[in-house]
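Down below is the structure, laid out as structure tokens.
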Amino acid sequence: MKVKPYILCGGFGTRLWPLSRRQDPKQLIKMFEGKSLFRKALDFCDDNIFLEPSIIANAEHRFLIAEEIQQKNYTQCDIILEPEGRNTAAAAATACLDALQYDDDTLILLMASDHIIKKPDNLIQAIKAVKNRVIENNIAVFGIKPTSPHTGYGYIKADKQSDNIVNVVEFTEKPSLEKAEQYLKTGLYSWNASLFLFKATDMIKAFETHAHDIYSEVTKAYDARQKDLDFIRLDETYFKQVRSDSIDYAIMEKIDNVVCAKCDPDWSDLGDWQSMWKNFDKKDNLGNVIVGKGKTFNASDTLVYSEDILTCVAGVKNLAVITTADAVLVLDKDKSQDVKNIVTYLAENDPDKVTLHKKCYRPWGWFENLLKIDGFMVKRIMVKPGAKLSLQSHKHRYEHWVVVKGIADITVGEETRAVSANNAAYIPLGAKHRLANSSAEPIYIIEVQLGDILSEDDIVRYEDVYRRN
């Protein structure tokens, strides 16, 4: 019996700020050998034990996800869009309803997209080993062999030490350090990787008994779903009525047919900069990790992550120094959880720093903010071959477009003309306009905005091939 993976791709990874932002979350950033964590999750599903995966994702990230999917040449990979996050219980219910469209006996592997698995074969073997128990109406959770008394993970207690497939006695969420140390001594506890294998029919029975309200509202949202380009949109009105809860709290802690498949796949959830440091290859014998443009002098156990700017650190230890084009973070790695306090502050006082990078990706290409002062902004824009922006207008700004490479098809009002490099177009206030690329090469534009409000919210769309609002 084949296994259908459902990959959850809805988080924002706020504890990895400033690298992870709301519109560019950690699972979609290409930071491991040129691949994103999401792409690594897709690659994991290449094993012949699996059917093609499907994705349950936040609607904000749909085009970044679709671009990764296209590279895999899948033909039966649904991208199911949640109007807003409702935690993993809602996602599990959605997976069940979707899997029933394939087969009543489909085995579902519910997995996160923001974890790293360095020894995937070990996890594959654990999935194969526990399949028969799942076919016999059990729900399986995968327990990771703990390597330290980590207080940021949930724990699974087994009924015995010796076997690899054991019955679950209880779940414990994020214990104190003292308790975590005690857990390791008993040999009965594993880390909870939030990775589950089950039949859709068995999980639905559990929902009907223990979280009927969640399943009922998700069913309404799924039944009223709409096809939108290559996406499936759950109904917004119904889905917003779903109670937010994790599958652990809503289901797993309340049922008695749970088995744990213990394994050691060298797993990490990459939840903060401490775990990132542990999972990057060390660059020297002092435990320093350098990603991008960094240099250490007389430093130890320090992570330097710099995308564009030469970042040098000297005479320090146990730090994470993260540099992006618009922000710098310096923190003691042991205090990595404190990043959430920074994000909370910025969300209230400088929300763009939480939401956007200077370079923002769109389905047609990307734009990069180069300069912004009162009433004046400069952007660099790249439009992919065959792509075009929406037909739009602005209520508060004028625009000047200078083509610096390629030939752009520029519409202003009723006129469309081809504009080559070293030529420009002017967009008056309120004028309908569009930028398009009908050539086989990318085009590059410098855009100068002038106005009293310079915001991505100041867009009125009349026509959009990507069906954005």
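Here are some notes:
- For PHE196, the residues 5 or more places off, or on other chains, whose built amide H falls under 5 Å of its own are LEU110.
- Convex hull of Cα atoms in the chain, direction-averaged projection (nm²): 24.2 nm²
- Label point distance in nm, TYR345-THR209, each placed 7 Å from Cα along Cα→Cβ: 4.8 nm
- Probe 1.4 Å, all protein chains present, accessible-area order of GLU463, GLU33, largest first: GLU33, GLU463
- The smallest convex shape that holds all Cα atoms of segment 2-83, its convex hull, gives 91 Å³ per residue.
- For segment 323-452, the fraction of alpha-carbon pairs in successive 10 Å shells from zero, as %: 12, 35, 28, 15, 9, 1
- Distance between the C-alpha centres of segment 54-107 and segment 273-293: 33 Å, rounded to the whole angstrom.
- Tilt relative to the chain, helix 200-210 - C-alpha long axis, 0 to 90 degrees, to 10: 80 degrees
- Two-site label geometry, ASP266 and LYS179: point separation in nm, points 7 Å out along Cα→Cβ: 3.2 nm
- Net length available on complete extension from LEU286 to GLU170 is 37.7 nm, with 0.36 nm assigned per residue and the Cα-Cα distance removed.
- Low-density loop cleavage sites - trypsin sites (Lys or Arg not before Pro) in segment 320-424, where at most 14 other Cβ are within 10 Å (DSSP): LYS395
- Percent antiparallel among DSSP beta bridges (both partners in the chain, rounded to 5): 70 percent
- Counting every C-alpha pair in segment 197-314, the share spaced more than 21 angstrom apart comes to 64%.
- If a spin label sat at a point 7 angstrom from the Cα of TYR462 along the line to its beta carbon, the backbone N atoms of segment 418-450 nearer than 16 Å would be those of 427-436.
- Expected 222 nm ellipticity per residue - DSSP helices of 4 or more, -39500 (n - 2.57), all of the chain, to 500: -6500 deg cm²/dmol
- Applying 1/(1 + (r/R0)^6) with r as the Cβ-Cβ distance of ASP163 and GLU236 and R0 = 35 angstrom yields a FRET efficiency of 0.15.
- ASP245 long-range amide H proximity, modeled H, under 5 Å: THR88, ALA89, ALA90
- Degrees between helix 120-135 axis and first principal axis of the chain (Cα, 0 to 90, nearest 10): 60 degrees
- For the pair VAL378 and ALA224, a Förster radius of 45 Å applied to the C-beta separation gives a FRET efficiency near 0.55, rounded to the nearest 0.05.
- With a Förster radius of 56 Å applied to the C-beta separation of GLN125 and ASP334, the computed FRET efficiency comes to 0.95.
- Tilt relative to the chain, helix 87-99 - C-alpha long axis, 0 to 90 degrees, to 10: 90 degrees
- For the pair segment 122-164 / segment 333-397, the C-alpha centres are spaced 41 Å from each other.
- A full extension of the chain between MET1 and LEU370 corresponds to an added length of 127.5 nm, given 0.36 nm per residue minus the alpha carbon distance.
- Length gained when the stretch ASN132-ASP105 is fully extended (0.36 nm per residue, less Cα-Cα span): 8.5 nm
- Taking 26 Å as the limit for the C-alpha separation, the pairs LYS35/LYS278; LYS333/LYS353; LYS145/LYS317; LYS199/LYS262 exceed it in the case of LYS145/LYS317.
- Charge dipole (debye, nearest 20) of the chain; +1 at Cβ of Lys and Arg, -1 at Cβ of Asp and Glu: 920 debye
The values are calculated or read from the model by the stated rules, or taken from the named source; none is laboratory data. Note that the structure is a prediction, hence the values are computed from the model and not measured. Neighbour counts are summed over all protein chains in view; Cβ atoms, including those assigned to glycine, are modelled from backbone coordinates with ideal geometry. SASA here: full protein model, heavy atoms, side chains in, ligands and nucleic acids out. Shrake-Rupley method; radii C 1.70, N 1.55, O 1.52, S 1.80 Å.
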